[in-house]
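One structure below.
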């Protein structure tokens, strides 16, 4: 029994010894901010950036008349796209920005401006890496 | 129109089929073009039963295409190495 108590005491003592530096470590802010900095270095998307990329996506559609294309154009009225085309547009936008738009919200997107606004309020995905990963996963499946 | 749950289901099906169609092995088959024509052919359906039927056909085509893709690797191997069950080297003539 005495050796058990001794073991208990040493383990308690060692845990107390370990606990003290752990607390002081967590109080050091630079250790944490260093970790965060590696993930947060992605620059945020600007509104102009989003707009030009969305317009580029739409330009690549053969059904879309480039002369009618503007940020305020609606898919059905101005661009002459039906609901199936709108689905394709949303898919292309999803791939361009490497995001997933839920079906219900994708159905709400009826104009170019709505698509831009949706991406602006969605947390930005890391661009290049995710895009490459997205394409790779599609190739492998 | 936006609240119609069938509309969402059909659009989701179109989305999935479109994504599948991009990887279709034979580009001259024009999977997405054909699929689109089938959707457009049924655009004026109003009877819920007929819509459901067309939707089920779409689901069936989706599952068949998925099965086709999962067999693609197997078919490729078979084309490369021939049909081993019919090879004459393994089994001696009786």
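Out of all the residues in the range B:9-29, which are within 10 Å of chain A (Cβ to nearest Cβ) and outside any helix (DSSP H, G or I)? B:23 - this is the single residue of the range B:9-29 that is within 10 Å of chain A (Cβ to nearest Cβ) and outside any helix (DSSP H, G or I). Scanning the range A:61-91 for residues being surrounded by fewer than 18 Cβ atoms within 10 Å (Cβ to Cβ), away from every other protein chain (no Cβ under 14 Å) and more than 18 Å from residue B:43 (Cα to Cα) gives a total of 11.
Any residue at all in the range B:52-75 that is away from chain A (no Cβ under 14 Å), in a helix (DSSP H, G or I), at pLDDT below 90 and exposed (fewer than 11 other Cβ atoms within 10 Å of the Cβ)? Scanning the range B:52-75, I find at least one residue that is away from chain A (no Cβ under 14 Å), in a helix (DSSP H, G or I), at pLDDT below 90 and exposed (fewer than 11 other Cβ atoms within 10 Å of the Cβ), so the answer is yes.
When residues in the range B:41-51 are screened for being over 20 Å from residue A:103 (Cα atoms) and at the interface with another protein chain (Cβ under 10 Å from one of its Cβ atoms), 0 of them pass.
The values are calculated or read from the model by the stated rules, or taken from the named source; none is laboratory data. All values reported here derive from a predicted model rather than from experimental measurement. Cβ sites come from the backbone with ideal geometry, for glycine too, and all protein chains shown count toward neighbours.
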